[in-house]
Structures are given as structure tokens and as C-alpha cells.
Amino acid sequence: ALGRALRGRAAGPGGRSVSTSWCPVGAAFDAKQQQQQQLRGSAAGRETGLFGVPELSCPEGFQEAQDKALQESEQLVQKACSTPPGPETVRIFDQLSDALCRVADLADFVKIAHPDFAFREAAEEACRNIGTVVEKLNTDVELCQSLRRLLGDEVVMSSLDPETRRVAELFMFDFEISGIHLDEEKRKKAVNLNIRILDLCNEFLTGTHLPNKIDKHVLPEHIRYNFTAEGNYLQVAGLHADCPDDLVREAAYKIFLYPNAEQLSRLEELLASRNSLAQLVGYDTFAHRALQGTMAKTPDTVTQFLEKLSDQLSRRTQKDFEMMTKMKMKLNPQNSKLMPWDHPYYSGVLRAERYNIDPGLYCPFFSLGACMEGLNSLFSQLLGISLYAEQTQRGEVWSEDVRKLAVVHETEGLLGYIYCDFFQRPDKPHQDCHFTVRGGRLMENGEYQLPVVVLMLSLPHSSRGAPTLLSPGMMENLFHEMGHAMHSMLGRTRYQHVTGTRCPTDFAEVPSILMEYFANDYRVVNQFARHYKTGQ
């Protein structure tokens, strides 16, 4: 029955393979502005909310979505506590997880990426409120007892399929690391610590993305143009690691990474809170708690791995370090010592010299559209999957340059959606990452809930005469993040709790790192890398 659902109903409306609202993926990214407008325009008459959620057409909709999720979760908790031990118990727990994650995961993305502050603020509040409820549920004794009765019934457990048994064990694991075994007073303390940790994490991560300002008169006039001007101040939003000017790199490094007392205070409180929580629930350190359930399992394994890796790298890189030092001495005799802001730039120069090519010469062959067509071709050959750009409704996306891709299998039909938020904009974090907005699962009516994810990059916009051109590093990052997206599309499970990238955090990087190997293999690259002007 599950197989039929995954192959039939899972495909979406009619198990379609091609929709009239779909167009080739490369054209959606390299098309001229007019064509892109047409891609967005035909659905403009209909209006919806973010990701097609009707409530999220305005910031206030997060309160409505949150209230609905919390009301549904209350009903499911009562149902779980009154249901006899059996597979239905696991299904109810998974429904409960899905009801909360559908709002929390979406809000987790919106709070950092939406250009409208009101949306970001509403999403952050929803994240905090649902996170608080989750921590309380993880220490709910009655709810835990309903799962414990199932796990303690050997006859029922032996009748469950392996996936259902595993998901039941994972839900119990969540209870255990949250302190379900503690007395009431200590459970409350664990909940409060968890909530404080969530707040501190959010505040600290928000702080890491903020640019630093400096009086423009402090910097020499000839390098000021490298930074964004704001009145009498210059904004430094990154390290400018690829800039050939040593002084620009030095200024960016020292200003952007200048010690921030508020950030240090948050970090210290965060580390102390994590340590207190770990020891309260029975772990030696937070690292022991965080690594439980991963492939690495223990801090000792991680330490051994890092030491071994560091030893191998130091032997390999000593020669490169000496060559970079000589290179800097040649280019800048007055200041030949290799500084922390020099390594990324001079390692790039060294690569260019070693392979007799300037990395910048690659860029015209890696237009964003060509790279997307390359991914499309690769997925078609490996997996029987095609990517199509789909028209969006008004209000569905948070920025007009976001593209929506339908992921379609040659026999199983529509597998899910990828929203591509690829381009730079003010207040957007400079980070490349993958967000799960909705996990896949087999629903109660027998249909499959299609996964929805966002890929966020920080690529430059196209110029008047050229499409967006990627450096080899940008292209590799695109392949890496698309590996996460394919993991989300293909990791199709009965239960939302273990779908896609909802797996051990170290294993979640395996498909994405595998994609980096494809990005660096000539046999793959020569299938799609074409000069945007000449076609060479």
C-alpha cells in the first residue's frame, strides 16, 4: 500500500509528468527580465500566502497558523494518551510532530530570509512559541507513558514493521535527552534551559550576520569604494577574501571580526546553559548529548577524527604555505609575512598558477542557467528526475527573484518542490543553506504529503549584458546545496519524523558532499559548461 501511495497518489494531481505551467529549468535562471516576468505573470490574478499557505498573506497570519497548529497538537496529545498500544500510537506521534513542524520549520526560514521586518518578527515569535510547546511536550510524563506502554509490549512491538519500530524508539530518545526521567522540579528547569538556549541561539546567529560599521575617515580614501557607504560610515558585511588588495582584506578582516561584547556575552551564556542542561539530564558534557544518535556517537570519536585530519592536512599544506609566503614576498616585498586574511586569496592565486589558468576565466562557462541545466541532466541520468520551473501565485514567494522548481520523476510523477532563493539582497544573510519547509509523509487519506524545501545562496544578480556567472567555488556550493534538496525529495518515508534530511546530522552531509565530487569531475562538467556568449 505504501509503495502504491509513493508511486501513484504521491505524484500529486493526476500523477502528472509535465504541466502546462512548467518550463525548462535553465531558462528560468538565464532568461531575460521580460521572460522572467512572463514566468511569474500568468498567475498574478490569484493570490495566496507564503509557500501557498493562505494564512501567510500577511505577518498576522503567523499567529493564526500557530494557533491552528497548537489546537491540533492538543487534540493529538489527548488522542495519543487514550489510544491502546499499537502502530496507531506511532502515527499519532508523527502527526503531532508534523503539525508543529509545518509551522515551526517554515517560520524558521522566514525569520531570517524575509525582506519585510514585520514578517521576520512574526515568524520569530511563532518559532519561539512553538519551540516552547515542543520542549514542554518532551517532558510530558503522560504523553511519554503512552509511548512507553507501546515499547514495553513485546508482542505488539514484534508485530510492527522495522520503520515503525525505529520511529517509536526515536520519539522515546527525544523524551530521554530532554529529561523525562527527572522529578517535576528538574523537568521544569530543563524546559526553561531549553527555551533559554533557543533564544540565545537565535540572538547569537542573528548577530553573526550583521555588518559592522566604521567611520569612513578611518580608512584610506582609495579603498573606501570596496565597502557600502551609509552617511559618514562604511558597512563591512564580509571578509572580502577574494580581493587582490592586501589592505582591503586586512581592513575587512579586522572590522568584520572585531570583538563584540554583546555577542561574547551571549556565547558565554549559551555555552554555560548548554552545559547545565546536559549535566541536568545525565550527560558529562553538551557534546556527549548532541552526538548521541549520530554516526560519530561520542566526542572522543570526533576528536580522533579531527586530530587525524589535522595531521594529514598539515603535512600536505606545509609546502603550499611556503609557496604562498614566497608569492606574497614577490607581490608585496615590504610586508611578506602571511597573515590570517591572506590565506584564501593566495591559495586561489596558487591554484591559478599551478593549473596555468585564472579562476575568473572559468566564470563565463558557468552561467547559473547552464549549471542548473547541468544538474538537471545529471539527475535525469542518475535518478530519472527532471527539474521544471513552475509559475508562482501572487504572495507565494517573498522576493520576485525566487524561482520555484517542481521535481518530477519519470514514472512516479511529482516528488516535491524546491524554492530557489539564490540572489543577494539587502538584509539577506550571506550564507548558503538548505531549509526543510515541509517534510514528506504518508497521510491518513492515503495520499503522500509532498516535501517542500528552500535553497538559499548569495549569488550576484545578472548584469545587463550577461547572465549570473558563477565561480568554480559558487558552482560547487550550488551542487552541494542541491544534494541536500535531492535528499529531501528522495528520502521518502511513511513518517515525517525521519523524512529526507531529518536524520543524524553528520549523515545529512553525505549526499551533499557526494554532489561536490560530481561538480569537480571533468566528465560531468564538460556536459554543461558552455560559454554564455560563444557556446564554446
Counting all Cα-Cα pairs in segment 363-526, those more than 19 Å apart amount in percent to 56
If I compute solvent accessible area with a 1.4 Å probe over the protein chains, what percent of it on segment 390-472 is carbon and sulfur? 44
Net charge near Thr325 (other residues with Cβ under 15 Å of its Cβ; Lys, Arg +1; Asp, Glu -1) is 0
Relative contact order for the chain, counting Cα pairs under 8 Å that sit 6 or more residues apart, in percent: 21
Checked against the structure, the computed semi-axes √(5λ) of the Cα gyration tensor in Å among [x] 41, 31, 24; [y] 72, 25, 24; [z] 95, 27, 13 is the one labelled [x]
Go ahead and estimate [θ] at 222 nm for the chain from helices alone: -39,500 (n - 2.57) per DSSP H run with n ≥ 4, summed, over the residue count, rounded to 500. -17000 deg cm²/dmol
Could you work out what % of the accessible surface of segment 481-529 is carbon and sulfur, using a 1.4 angstrom probe and leaving DNA, RNA and ligands out of the count? 62
Please list, or write none, the aspartates and glutamates whose alpha carbon is within less than 16 Å of the alpha carbon of Lys326, excluding same-chain residues fewer than 8 places away. Asp246, Asp342, Glu353
With angles folded into 0 to 90 degrees, how steeply does helix 61-82 sit against the dominant principal axis of the chain? Use alpha carbons for both and round to 10. 40
Mind ranking Thr499, Thr303 by accessible surface for me, highest first, 1.4 Å probe? Thr303, Thr499
Per the 1.4 Å probe, what fraction of the accessible area of segment 53-181, in percent, lies on carbon and sulfur atoms? 52
With an 8 Å Cα cut-off and a minimum separation of 6 or more residues, compute the relative contact order for segment 53-181 in percent. 28
Can you work out the Karplus-derived ³J(HN,Hα) for every residue in segment 272-282? Use 6.51 cos²θ - 1.76 cosθ + 1.60 with θ = phi - 60°, whole Hz, and x for glycine or proline. 5, 5, 4, 5, 4, 4, 4, 5, 4, 8, x
Solvent-accessible heavy-atom area per residue, rounded to whole Å², over the chain at 1.4 Å: 52
Rank these by accessible area, largest first, 1.4 Å probe: Ser314, Ser82. Ser82, Ser314
Rounded to the nearest 10 Å², the 1.4 Å probe accessible area of Ser399 is 20
Along segment 384-401, Karplus-curve 3J(HN,Hα) (6.51, -1.76, 1.60; θ = phi - 60°) to the nearest Hz, with x for Gly and Pro, reads x, 10, 10, 10, 10, 6, 10, 5, 10, 7, 5, x, 6, 10, 9, 8, 5, 8
What fraction of the DSSP beta bridges in the chain is antiparallel, stated in percent and rounded to the nearest 5? 80
In the full protein assembly as shown, how much of His209 is accessible to a 1.4 Å probe, in Å² to the nearest 10? 60
Relative to the longest principal Cα axis of the chain, at what angle does helix 87-113 sit, 0 to 90 degrees, rounded to 10? 30
At a probe radius of 1.4 Å, what is the per-residue accessible area of Glu307, in Å² to the nearest 10? 120
Summing Lys, Arg as +1 and Asp, Glu as -1, what charge do residues with Cβ under 14 Å from the Cβ of Gly52 carry, Gly52 excluded? +1
Excluding Pro299 itself, calculate the net charge of residues whose Cβ lies under 14 Å from the Cβ of Pro299, where each Lys or Arg counts +1 and each Asp or Glu counts -1. -1
For segment 289-361 and segment 446-476, what is the separation of their C-alpha centers, rounded to whole Å? 27
Anisotropy class of segment 187-324 from Cα gyration tensor, a/c 1.5 cut: oblate
Given Cα pairs under 8 Å that are at least 6 residues apart, what percent is the relative contact order of segment 446-536? 26
Angle check, please: helix 117-137 long axis (alpha carbons) against the longest principal axis of the chain (alpha carbons), in degrees 0 to 90, nearest 10. 40
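The values are calculated or read from the model by the stated rules, or taken from the named source; none is laboratory data. Only a predicted model underlies this, so the values are computations on that prediction, with no experimental measurement involved. Note that we place each Cβ from the backbone using ideal geometry, even for glycine, and neighbour counts take in every protein chain shown. The protein model used for the area step is the full one, side chains on, heavy atoms only, and it has no ligands, DNA or RNA in it. Shrake-Rupley method; radii C 1.70, N 1.55, O 1.52, S 1.80 Å.
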